[in-house]
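Trainee: What follows is a single structure, and I will ask about it in a moment.
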Amino acid sequence: MTSQQRISETWQEAFSRNGGRITMPRQIILEVIAASPRPLSPQEVHAQSVKRLPSIGLVTVYRTIDKLVELGLVDRVHHSDQCQ
């Protein structure tokens, strides 16, 4: 199991423990974020996710990121012109 797979699995477990369902779109979003060597904007996460599941919406990406932040699993990275 790769480190990205372990991270994604840990995040999925945290979602489940806190009442969140792990849907296919959420799983893909978690995997995209876990696999990235750098912070991604929500738009970048969306662009990579729709390659695997075209029906993933940008709102789902934002809500999933919000939940990851709420659970303390990721941090938002703020730039002078945007928030990631």
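The values are calculated or read from the model by the stated rules, or taken from the named source; none is laboratory data. Not measured: the values here are computed from a predicted model. No Cβ is skipped: glycine too gets one built from the backbone with ideal geometry, and neighbour counts run over all protein chains shown. Quick note on the areas: whole protein, heavy atoms, side chains included, nothing else; ligands and nucleic acids left out. Shrake-Rupley method; radii C 1.70, N 1.55, O 1.52, S 1.80 Å.
Trainee: May I ask you to compute the full-extension gain from Gln5 to Asp66, defined as 0.36 nm times their residue separation minus their alpha-carbon distance, rounded to one decimal in nm?
Mentor: Fully extending the segment from Gln5 to Asp66 adds 19.9 nm.
Trainee: Can you work out the PRE-style zone for Leu58? Point 7 Å along Cα to Cβ, and I want the residues of region 22-47 with backbone N under 15 Å.
Mentor: Answer for this model: 41-47.
Trainee: Please report the carbon-and-sulfur percent of the accessible area for the chain; probe 1.4 Å, protein heavy atoms only, DNA, RNA and ligands left out.
Mentor: Carbon and sulfur together cover 50 percent of it.
Trainee: Another question, then. Would you work out the Kirkwood radius for the chain? I mean one over the mean of 1/r across all pairs of different Cα atoms, in Å.
Mentor: 12.9 Å
Trainee: Probe of 1.4 angstrom, ligands and nucleic acids ignored: what's the accessible area per residue over the chain, in square angstrom?
Mentor: With all protein chains present, the chain gives 63 Å² per residue.
Trainee: May I ask you to compute the full-extension gain from Ser16 to Arg38, defined as 0.36 nm times their residue separation minus their alpha-carbon distance, rounded to one decimal in nm?
Mentor: Result for the pair: 5.4 nm of gain on full extension.
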